[in-house]
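Beneath this line is the structure, given in structure tokens, with notes to follow.
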Amino acid sequence: MLTRKEFLKAILLAAAAGGTTLVQAQTASKTLVVYYSWSGNTREMAQAIAKELKADIYEIRTVTPYPEAYNATVDLAREQLRQNARPAIQKDVPDLSQYSTILLGTPNWWSHVAMPVFTFMDQNDLSGKVILPFVTHGGGGMSSCERDIRNKYPKADVREGLAVYGSSFSLGEIRQWLKENKIS
């Protein structure tokens, strides 16, 4: 984040150079970690990624929380997927235009991104951005989660995702994944 003094200096330098490229370059290279988490597994991973990258972080939160009981949430998620339902989410998304890279985290729910993530994707255009999916799961791996994101954002650079069982990620694994995707 630029300080006010740095920002004003960048504007003056850009104006003197006859353009605003410097300011755009400094503000367009930011990274944001966006995630939804029901159990906390995806949240832990998102926080580790954001810390590693010194990136901003945003949690997708539903207006009506999912049940606390696992089986009730599983049943509701299955029904929402069958109905192609989109649960309402909080309307506090940061200005995404300032980010060039989005790391998008979700639990694997019935082989797809969680329905609140579908809601987020329906409401936010990430065309032209680099997107790195990361998924926590209870045995289903990546399944169709990466495909869900690619299908929603055909004009984005959706890179190889990382799928982790439960909360069993390691910092070394995250670093390797970021390195392989040329994000660091």
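The values are calculated or read from the model by the stated rules, or taken from the named source; none is laboratory data. Computed from a predicted model, the values in this text were never measured in an experiment. Here the Cβ is made from the backbone with ideal geometry for all residues, glycine too, and neighbour counts use every protein chain on show. All accessible areas refer to the heavy atoms of the entire protein, side chains included, with ligands and DNA or RNA removed. Shrake-Rupley method; radii C 1.70, N 1.55, O 1.52, S 1.80 Å.
Using a probe radius of 1.4 angstrom, the carbon and sulfur fraction of the accessible surface of region 145-184 is 45%.
With θ taken as phi - 60° and the Karplus curve 6.51 cos²θ - 1.76 cosθ + 1.60 applied, the whole-hertz 3J(HN,Hα) list for region 46-55 is 4, 5, 5, 5, 4, 5, 4, 8, 6, 9 Hz, x standing for glycine and proline.
A simple charge model with +1 on the Cβ of Lys and Arg, -1 on the Cβ of Asp and Glu and nothing else charged puts the dipole of region 115-184 at about 180 debye relative to its Cα centre. Heavy-atom accessible area for Lys179, with the other protein chains in place and a 1.4 Å probe, reaches approximately 150 Å². Distant-in-sequence amide contacts of Val33, defined by a placed amide H-H separation under 5 Å and a gap of 5 or more residues or a different chain, comprise Asp56, Ile57, Tyr58, Leu103. In the complete set of protein chains, residue-level accessible area for Tyr35 is approximately 10 Å², probe 1.4 angstrom.
How much accessible surface does Ser144 have with a 1.4 Å probe, in Å² rounded to 10? That residue has around 20 Å² of solvent-accessible surface. Amide H to amide H distances under 5 Å link Ala114 with Trp109, where only residues 5 or more positions off or on other chains count and H is placed in the peptide plane.
For region 93-184, the square roots a ≥ b ≥ c of the C-alpha gyration tensor eigenvalues yield an a/c of 1.5 or more together with a/b not exceeding b/c, which makes the shape oblate. 3J(HN,Hα) along region 88-105, derived from phi through the Karplus expression 6.51 cos²θ - 1.76 cosθ + 1.60 where θ = phi - 60°, amounts to 5, 10, 4, 9, 10, 5, x, 5, 6, 5, 7, 10, 9, 10, 10, 9, 10, x Hz, with x in place of Gly and Pro.
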